[in-house]
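The values are calculated or read from the model by the stated rules, or taken from the named source; none is laboratory data. Owing to the predicted nature of the structure, the values given are computational and were not obtained by experimental measurement. Note: ideal-geometry Cβ built from the backbone for every residue, glycine included; neighbour counts use all protein chains shown. Side chains are part of the model used for accessible areas, which takes the heavy atoms of the whole protein and leaves out ligands, DNA and RNA. Shrake-Rupley method; radii C 1.70, N 1.55, O 1.52, S 1.80 Å.
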Amino acid sequence: MLEFKKGVDILSAVGGITTISEAKKLFEQQLDQDHLNRLAKITNEEALLKVANAIAMCEPKAVYIHTGSEEDRAFVRRLSLEKKEEKTLAIEGHTVHFDLPEDQGRMVNQTLYIANEGEQVSSLAKKELRDESHAYMKEHMRGIMQGMTMFVGFYSRGPVGAKAAIPAIEISSSTYVMHSAELLYRNCFADFDAEVARRGEFFTNVHSEGTNRSEDIPKARIYMDRSWQTTFSTFCTYAGNTLLMKKGNHRFASDCAMYKYNGTELSEHMFITGMTGPDGRKTFFAGAAPSGCGKTTTAMVGSDFVGDDLAQMWIEEDGTLRAVNPEIGIFGIIEDVNQEGDPHLMKCLRQQGAEVIFSNVLIDEQDKPRWVGDGEPVPEKGVNFQGEWTPSMEKVPMSHPNSRCTLRADNIANHSKDANADPAGLVVEVVTYSGRDSNTMPPIWVAKNMDAGVAIGASIVSKATAAEIGATGVNRQPWANTPFVAGNLADYLDAQFNFYGNPKMSRKPIMSGLNYFLTNEARGGEGSGLLGEKRDVHVWLGWLELYTHGDVEAIETPIGMIPKYEDLKKLFSEKINKEYPESLYTMQFSLYVDNVIARIDLQEEAWRKEEGASERLFAVYTEQKAALLKLKAEKGEIVKPQDL
Ligand code: SPV
Ligand code: MN
């Protein structure tokens with residue numbers, strides 16, 4: 001359980017402002033007339049107290065209220081260049097930002113949930129007792145913005161008015177963070193009060209890069225105060241550690257889905273995209289994948305791309321599953337983004353038109369950003385996140401594997417601005433889960449019922465990627481969301497069953513697994529090369545679109561429904577003009593029964609350790625395992641789809 005507003009509210013305890021009149025007095029002392037006038041438009045007292053306490057705690061030299069106007073956005077961009085948080089590049093509107101070498105991904109070990117005595121957190125997360133965090137804030141956040149300008153912006157995590165949209169305040173001394181915030185989120189300065197009244201809550205984020213020196217990285221912290229829905233971030237700049245409207249607030253939104261709106265809302269680490277089917281019908285997908293596993297690429301394959309990272313979901317009165325994207329932009333991994341696999345994104349990155357912040361790429365002598373896998377000849381030299389770089393530096397890659405590009409989604413040719421602006425949300429008809437699984441699950445399979453669908457999400461595994469500092473090996477990644485689920489995983493499992501099993505959801509989506517990472521060697525071929533390529537995603541999503549509407553049939557297996565060869569062959573030809581030999585289909589879709597059983601055993605063992613984990617999950621595992629053993633007894637260890 002999580003109790004809201006419990007324990008010391010650290011921000012107000014350190015700031016020391018408890019009444020609205022004290023807050024107003026402080027504003028008069030600290031803000032110039034222009035910004036005082038701006039702030040006067042915000043009347044929600046709780047929000048004003050948060051801002052006042054952030055000022056009192058951080059002691060900036062000036063406070064800038066960011067209204068989201070073009071002038072304000074231009075001011076932040078200009079200051080970012082002056083402060084050298086960003087640098088211009090050859091193409092107008094493109095800039096580069098570097099994070100410290102130690103700050104190239106989410107700092108898992110310095111990311112902490114602030115917990116009250118006796119409060120549990122997820123077995124995959126770290127917590128710190130409230131008193132200790134309070135002491136840190138007193139020591140390190142007091143005066144952290146001395147000599148700096150503090151920016152305060154008011155945003156909506158979703159289209160204004162959408163049921164699951166949640167307002168948030170972003171406070172930072174970093175112009176890079178505020179520039180990114182404006183590219184990724186909807187500034188809702190004018191609507192903020194009304195939105196807080198509608199939703200009944202808002203999130204607060206306070207960040208300062210502080211000294212921004214490598215030697216101070218040990219002091220860096222990313223704190224989530226769940227009880228007070230407030231984040232604190234210090235001594236770092238990487239957006240995943242600092243722009244906490246993204247993953248910090250996603251964590252709070254997950255708390256809401258578990259502890260406030262259990263069974264009627266979910267907050268997922270999912271893309272949202274629409275596929276156009278026969279006769280122009282549109283089918284919306286929401287899909288989970290761990291960081292660095294092709295989520296952005298998958299999203300952009302849609303004809304109506306909406307978002308690539310997060311989804312706020314709810315059950316609408318008409319029984320449909322609806323989703324909105326809390327974001328309006330992309331903070332995407334850039335490695336291996338190239339003309340062939342990502343033509344729409346590539347256009348924004350290589351031509352003038354979009355405002356883009358590149359981070360931690362290589363900048364060549366012509367001020368052109370370059371990255372591993374961009375499909376062009378490697379330059380002779382340049383500057384990257386470590387400094388000067390030449391190809392002879394074998395241990396340092398040209399660009400960091402977690403280097404990123406930040407831009408508004410409406411620059412992408414197939415983005416549907418209307419779909420992403422609709423407060424009614426999108427009707428989700430297909431839910432997908434994927435990971436980085438080299439040897440077990442087929443490229444695509446569909447759950448036979450909702451509980452089996454929840455089990456697909458619960459059973460994602462993934463190889464570690466560069467998005468998390470220090471992560472190694474193959475890890476469980478339930479729903480690809482566990483880095484962001486603070487509460488007990490058993491509670492989260494319940495929230496999933498309660499949501500998808502809710503009788504109010506009369507129009508259920510289909511639930512499916514996707515796996516792009518099967519290797520040749522795992523399927524009787526040679527080498528560690530993948531059995532597919534990026535553009536095959538068009539086919540996998542295309543088949544799901546047809547299946548959802550009953551336009552293709554599937555083969556039943558113990559793990560779910562899989563496609564028939566003829567249907568895929570046709571789609572490969574129609575969608576990407578590619579031959580699809582039956583031998584490849586057989587490699588991809590044969591059931592390696594022992595592998596699948598081993599995977600189920602691993603999941604079952606891990607979930608048994610989660611106290612109170614729902615028996616509904618184990619019932620799915622038990623049923624699938626029995627069917628797999630029966631199949632093995634009849635047909636052997638490797639079962640071809642043609643034999644099913
Ligand atoms: C991810 O790593 O999943 C991201 C970027 O989307 S971050 O903001 O670091 O979470
Ligand atoms: Mn993500």
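Look at the dipole of segment 398-512 built from charges on Cβ: of S416, I444, A486, the Cα furthest out on the positive end belongs to I444.
Consider a paramagnetic label point 7 Å from the Cα of T390 along Cα→Cβ; state which residues of segment 366-380 have an amide N under 16 Å from it. Within reach of a label on T390: 378-380.
The GluC sites (Glu not before Pro) of segment 66-98 meeting both criteria, a DSSP state outside H, G, I, E and B (loop) and at most 11 other C-beta atoms within 10 angstrom of the site's C-beta, are E92.
At an R0 of 25 angstrom, the distance between the Cβ atoms of K609 and K260 translates into a FRET efficiency of 0.40. Each Lys and Arg adds +1 at its Cβ and each Asp and Glu adds -1 at its Cβ; summed about the Cα centre, segment 331-411 shows a dipole of about 180 debye.
With Cα atoms defining each centre, segment 149-206 and segment 558-593 are spaced 45 Å apart in the structure. By how many degrees, between 0 and 90 and to the nearest 10, does the Cα long axis of helix 45-58 differ from the longest principal axis of the chain? Rounded to the nearest ten degrees, it is 70. Rounded to the nearest 20 debye, the dipole magnitude of segment 212-309 is 200 debye, with +1 charges on Lys and Arg beta carbons, -1 on Asp and Glu beta carbons, and the Cα centre as origin. Given their separation in residues at 0.36 nm each and the Cα-Cα distance between them, A554 and R281 gain 96.2 nm when the chain is fully extended.
The ellipsoid equivalent to the alpha-carbon distribution of the chain has semi-axes of 41, 28, 23 angstrom, derived from the gyration tensor eigenvalues as √(5λ) and listed largest first.
What fraction, in whole percent, of alpha-carbon pairs in segment 226-274 exceed 15 Å separation? Value for segment 226-274: 53 percent of Cα pairs lie more than 15 Å apart. Between R78 and K381, how many nm apart are label points set 7 Å from Cα along the C-beta direction? It is 3.5 nm. Given R0 = 22 Å, the distance between the Cβ atoms of S506 and F618 translates into a calculated FRET efficiency of 0.20. Averaging the Cα positions of each part gives two centres, and for segment 271-328 and segment 31-64 these lie 37 Å apart.
In this structure, the residue pairs whose Cα-Cα separation is over 25 Å, taken from K247/K417; K417/K569; K260/K282; K6/K609; K282/K504, are K417/K569; K260/K282; K6/K609. Would you mind classifying segment 507-617 by shape? Square roots of the alpha carbon gyration tensor eigenvalues, ordered a ≥ b ≥ c; an a/c under 1.5 is rounded, otherwise it is prolate if a/b is larger than b/c and oblate if not. Oblate, because a/c is 1.5 or more while a/b does not exceed b/c. Helix 247-259 against the longest principal axis of the chain: what's the angle in degrees, Cα atoms only, rounded to the nearest 10? Roughly 70 degrees between the two axes.
Just so you know, the Cα atoms of segment 387-503 work out to an Rg and Dmax of 19.0, 61 Å.
Only one residue of A286, G118, A495 has its Cα farthest out toward the positive end of the dipole of the chain, where Lys and Arg carry +1 and Asp and Glu -1 on Cβ, and that residue is G118. In segment 581-598, whose amide N lies under 15 Å from the spot 7 Å out along Cα-to-Cβ of Q642? List them in ranges. Those under the cut-off are 581-591.
What segment 331-411 shows is 46 Å² of accessible area per residue, with the surface traced by a 1.4 Å probe over protein heavy atoms. With the simple spin-label model, which puts each label point 7 Å out from Cα in the Cβ direction, the R198 to E317 separation comes to 1.5 nm. Ligands, DNA and RNA left out, the accessible area of segment 195-291 computed with a 1.4 Å probe is 49% carbon and sulfur.
For the chain, the residue among I469, I363, A23 whose Cα projects farthest onto the positive side of the dipole built from Cβ charges is A23. For segment 331-411, the alpha-carbon radius of gyration amounts to 1.04 times the rule-of-thumb value 2.2 N^0.38 Å expected for a compact globular protein. With a cut-off of 20 Å on the backbone N, the residues of segment 525-544 near the modelled label site 7 Å out from S583 along Cα-Cβ are 525-533. Take the alpha-carbon centre of segment 83-124, take the same for segment 342-390, and report the distance between them in whole Å. When both Cα centres are located, 21 Å separates them.
Axis angle, to the nearest 10 degrees, between helix 20-30 and the longest C-alpha principal axis of the chain: 70 degrees. Put a plus charge on the Cβ of each Lys and Arg, a minus charge on the Cβ of each Asp and Glu, and nothing anywhere else: the dipole of segment 1-152 about its Cα centre is then about 80 debye. Cross-link partners for K24 among the lysines, with Cα-Cα distance under 18 Å and sequence neighbours closer than 8 places in the same chain left out: K41, K50, K61.
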